[in-house]
């Protein structure tokens, strides 16, 4: 494990201890890190249920979660089946494909006046405000195959620059046959941006070209992605599947 990842791991442990929004009997367990998704996660349990936390420091991954949504799947049989689902946050309304990978978008009236030495700081502050406004707008949740959701609690918040998703899942969520003596399959799906819909496999404009029949603009695509790999990551789901063996208490 690189020194940078190790530092992030301990920083996340500190953030969780100080800023956890769902306090209870669950104690913080070991934190794992998924490099492809730039995401850390931990799972713990007590005699009444399971606690799952998902955390990321990366602004691009935070945008992905807040704009496109996150799905948490549980498989009581310890496999990768989407048996029990908690969908939160849901995809933000009015999201745009163009905006998925980049920062705040300006209107067509032109950019604001340039102030030497302050553009970078201003952009970062705008980004933070935008991300926090997306968190505040997350109120709705979907649950799948959960007859009794009493006691199920979900939280999404920032601790410093870290986005933290927390969920407490009571045992009542699981079927009567479920036992802590067997591993539980857990899937964390951070959704990618929706692919553009050009109808009949054609680009807008009718002849396969851009709108208006003009030339494609020069330079990298909108946002922070300037290569094919970055664009693929923008539209791809980040899937983390693993098994958790609850500690009997």
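With the simple model of a label 7 Å out from the Cα in the direction of the Cβ, residue 143 to residue 58 spans 3.1 nm. Extension gain for the segment residue 92 to residue 136, taken as residue separation times 0.36 nm less the Cα-Cα distance, is 14.7 nm to one decimal. What FRET efficiency comes out for residue 47 versus residue 161 if R0 is 30 angstrom and r is the Cβ-Cβ distance? Round to the nearest 0.05. It comes out at approximately 0.30.
None of the figures in this text is laboratory data; all of them are computed from the coordinates on show. These numbers were taken from a predicted model, which means no experiment stands behind them. Don't worry about glycine lacking a Cβ; one is built from the backbone with ideal geometry, like all the others, and counts go over all protein chains shown.
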